[in-house]
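First the structure, in the form of C-alpha cells, and then the observations on it.
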Amino acid sequence: MSELAQLQPHVLIFPFPAQGHVNSMLKLAELLCLARINITYLVTLNFHDRLLLHTDIKSRFSKYPGFHLKTLPDGIYQGKTNTVDEVMMLYDSLRLVAKPFLRELLSSDQAQSEKSSPITSIIADGILSVALDVAEEMDVPIIYFRTISACGFWAYFCIPQLIDAGEMPFAGKDMDVTIANVTGMERLLRRRDLPSFCRVQDLGSPDFRMVLSETQKSPRAWGLIFNTFEDLEGSTLSHIRKICPNVYTIGPLHAHLKTRIQSPWTSSSNSLWEEDRSCIGWLDQQHSQTVLYVSFGSFTVVTREQLLEFWHGLVNSQVRFLWVIRPDLIPTKNDKERKSTPEELELEEVTKERGYMVGWAPQEDVLSHPAVGGFLTHSGWNSTLESVVEGVPMICWPYFADQQVNSRFVGEVWKLGLDMKDTCDRAIVEKMIRDLMVERKDEFLQRAGEMKKLARKSTEKNGSSFHNLDRLIEGIMTISIGVDHASKSC
Ligand code: UDP
C-alpha cells in the first residue's frame, strides 16, 4: 500500500440504487467527508443524472475536495421497480455489471491511471454481496451498511430458524398466528408482522433465496452499520451483536448530519424526483399539529380501489391532509385508465377545502413543519426515522420488506402510532385518522415527543450515535492502514 494511502483513507461507498438507500448512504458519505476521509460514491448513470437534476449535490459536496461521484457502466436495468420481480431484475443486472467493474476499480493500476489514491476500504449496501465477494477476492476491507431497521434485519436473519422450526412456510391462512422463533420477539410478532418475503409458499423462489442469503452473509463483513440509535433498538441490537460484534449505530443520519455540520435548519435533500415546495406555503397557512401528512415512499404502488378507500377515509375524517401522489403510485396501462372517474372528480372538489396534493414533497421539511401532527406512512425505515426525529405520530400501512416489522414496532413496542397493515377500508382509515389526530392525539404526541428527545440526544456530542460515528471513523482509519485488516470483527 502506498504512503499516501496510509495517510488518507479512501472509501468506496456503494448503495443499492433505490431512493432510501442512496439517501441514507449519501448522508453517511457527507459525515465521512467532514472527517476528511476521501469518498468515491458509486451510482448508476440514471441516478447520477437524477441527483444532479433534482438536488444541490454538486454545490453541497464542492466543499469536500475528496468526494467523487462515480458512475457504474451501462447495462443496469432502468425500468420500473414497483414489484418484487422488477426489483429482482435491477438486482441481477447490477450484480452482473458491478462484479468486473469493482475488480477493475479496486486494482491499483486503475488508481494510477486515474491519478487518484487507491481505495483502502469499502462501505457497501448490506444487500450487495457482490461487493463482499470482490472485496474478499482483492483483499480490501469491507463494512456493510444495512439501510433497514435493526428489528427488520434481525427478523430476516432468523428466517432459517423459522424454517427449521416449521413456522415457515405458513401452514393455513391465519395471519395472526404468533411466531416463536425470532429471538427476543417471541410474543410480539405474528405471521403478518414478518418481512413481506416470508409470505411465500415456495421457499425456493429466487427473490426469497436472495433476501435470505444476502442477510446471512452479513457476519463476513468487518463491521455492520445501522441507521438507528441505541435507545430505539438497543434490545434487538444486543441479539445482532452476538453474530456481528462490530455494530455501529450512527442514526438517525439526517439529524446526525445536522449536528456535525452545526446547522440545525439545513436539510440536505437527496431526492430523485423534483420536490414540489408549494406544499410548504400551504402548510404555513394551517394551524399547529392539525395536518396529516400522507406518503408511501418511492416504491409503493396502490390499486385505484385502494386509493379511493384512502381518499374517502381522509375526506370523511374531516382532518386536513397533505398527500404525496407520485405519478406512478397507481400503475396504469393506458390513457383510458388514467382518466379521473366522476367519484374521483367529486373527491377532488372536497379535497380543495381540506387537502393539498403534490407529486413529491420535501419530506424532511414537511415533517419538521409545525402544522404537521401525524404521518400516514408505508413505514419505510427512512420515513419512520424522519418522523421519530420530529416527534410526529404515525399510522402505518406497510407495503413490503422490513416495513411489516417496522409498523409492528411503531404500534406495539415504541407506541408511536397505529398499525393498519393488511387492511384498506375507508371506515378503518377514517377511524385511525380520528384516533391519531383527535381522540388520542395527546397520548401519541407525548410518546412521540419523548422519543424525539432520545433521538436527538443520540446524535448530540456524547450521545451514542455521535460516539459510534467517531468509533467508525477510527475503525476506517485502522483498516485503511492495514493494522486491523485481517482480523474480521463481525
Ligand atoms: N421522500 C421524499 N419526498 C416524498 C416521499 C419520500 O423526500 O414525497 C423521501 C423520504 O424523506 C425518505 C425516502 O424518500 O428519505 C423514502 O425512503 P423510505 O425508506 O422511507 O422508503 P422507500 O422509498 O425506500 O420505500
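The values are calculated or read from the model by the stated rules, or taken from the named source; none is laboratory data. These numbers come from a predicted model, not from an experiment. Cβ sites come from the backbone with ideal geometry, for glycine too, and all protein chains shown count toward neighbours. The protein model used for the area step is the full one, side chains on, heavy atoms only, and it has no ligands, DNA or RNA in it. Shrake-Rupley method; radii C 1.70, N 1.55, O 1.52, S 1.80 Å.
Some observations on this one:
- Where helices (runs of 4 or more DSSP H) sit wholly within the range 332-406, those with at least 3 residues that are near the ligand (Cβ under 9 Å from one of its atoms) and out of contact with any Lys or Arg (no Cβ under 6 Å at 6 or more places or on another chain) occupy 363-367, 381-390.
- Test: residue in the range 411-418 that is acidic (Asp, Glu) and buried (at least 23 other Cβ atoms within 10 Å of the Cβ): no
- Residues satisfying the stated conditions in the range 237-279, i.e. farther than 20 Å from Leu469 by Cβ, in contact with a helix residue (DSSP H, G or I) (Cβ under 9 Å, 6 or more places away or on another chain) and in contact (Cβ under 8 Å) with a residue 24 or more places away in the chain: His239, Ile243, Ser269, Ser271, Leu272, Trp273, Glu274, Glu275, Arg277, Cys279
- Matching residues, the range 114-129, being open to solvent by 10 Å² or more (accessible area, probe 1.4 Å) and either under 27 Å from Cys244 (Cβ atoms) or assigned to a loop (DSSP other than H, G, I, E, B) (or both): Lys115, Ser116, Ser117, Pro118, Ile119, Ile127
- The single condition from (1) open to solvent by 10 Å² or more (accessible area, probe 1.4 Å); (2) among the hydrophobic types (A, V, I, L, M, F, W, C); (3) touching a Phe, Trp or Tyr at 6+ places or on another chain (Cβ under 8 Å) that Leu292 fails is (1).
- Residue in the range 69-77 that is at pLDDT below 95, surrounded by 15 or more Cβ atoms within 10 Å (Cβ to Cβ) and of a type outside the set (Gly, Ala, Ser) present: yes
- Tally, over the range 341-359, of residues that are open to solvent by less than 30 Å² (accessible area, probe 1.4 Å) and over 25 Å from Asp56 (Cα atoms): 4
- Residues in the range 245-300 that are of a type in the set (Val, Ile, Thr) and more than 11 Å from the ligand (Cβ to nearest atom): Val247, Thr249, Ile250, Thr259, Ile261, Thr266, Ile280, Thr290, Val291.
- The set of residues from the range 216-226 being buried (at least 20 other Cβ atoms within 10 Å of the Cβ) and in a loop (DSSP other than H, G, I, E, B) comprises Ala221, Trp222.
- In the range 331-340, the residues that are surrounded by 10 or more Cβ atoms within 10 Å (Cβ to Cβ) and of a type outside the set (Lys, Arg): Pro331, Thr332, Glu337, Ser340
- Residue count for the range 360-379, restricted to those that are under 17 Å from His21 (Cα atoms) and either open to solvent by 10 Å² or more (accessible area, probe 1.4 Å) or at pLDDT below 95 (or both): 3.
- Any hit, the range 180-196, residues being in contact with a Leu (Cβ under 8 Å, 6 or more places away or on another chain) and within 16 Å of the ligand (Cβ to nearest atom): no
- Against the conditions (1) within 16 Å of Phe321 (Cβ to Cβ); (2) away from the ligand (no atom under 16 Å from the Cβ); (3) touching a helix residue (DSSP H, G or I) at 6+ places or on another chain (Cβ under 7 Å); (4) of a type outside the set (Gly, Ala, Ser), Lys441 satisfies every one except (3).
- Evaluation of Leu314 against the conditions (1) outside any strand (DSSP E or B); (2) open to solvent by less than 10 Å² (accessible area, probe 1.4 Å); (3) within 16 Å of the ligand (Cβ to nearest atom) shows that the sole unmet condition is (3).
- The C-beta contact set for the range 444-473 (first residue closer than 20 Å to Gly391 by Cβ and assigned to a helix (DSSP H, G or I), second residue at pLDDT 95 or above and of a type in the set (D, E, K, R), distance under 6 angstrom, 6+ apart or interchain) comprises Arg447/Lys415; Leu454/Asp231; Ser464/Glu230.
- In the range 232-271, of all residues being among the small types (Gly, Ala, Ser) and part of a helix (DSSP H, G or I), the one that is surrounded by the most Cβ atoms within 10 Å (Cβ to Cβ) corresponds to Ala255.
- Given (1) closer than 20 Å to Ile280 by Cβ; (2) open to solvent by 10 Å² or more (accessible area, probe 1.4 Å), index of the condition Asp328 fails: (1)
- Test: residue in the range 337-356 that is under 30 Å from the mean Cα position of the chain (by Cα) and among the small types (Gly, Ala, Ser): yes
- Single match in Thr178, Thr183, Thr147 (criterion: within 16 Å of Gln404 (Cα to Cα) and surrounded by fewer than 20 Cβ atoms within 10 Å (Cβ to Cβ)): Thr178
- The range 196-215 residues that are open to solvent by 20 Å² or more (accessible area, probe 1.4 Å), paired with ones that are among the small types (Gly, Ala, Ser) (beta carbon under 8 Å, 6 or more apart): Ser196/Ala401; Phe197/Ala401; Ser213/Ser129
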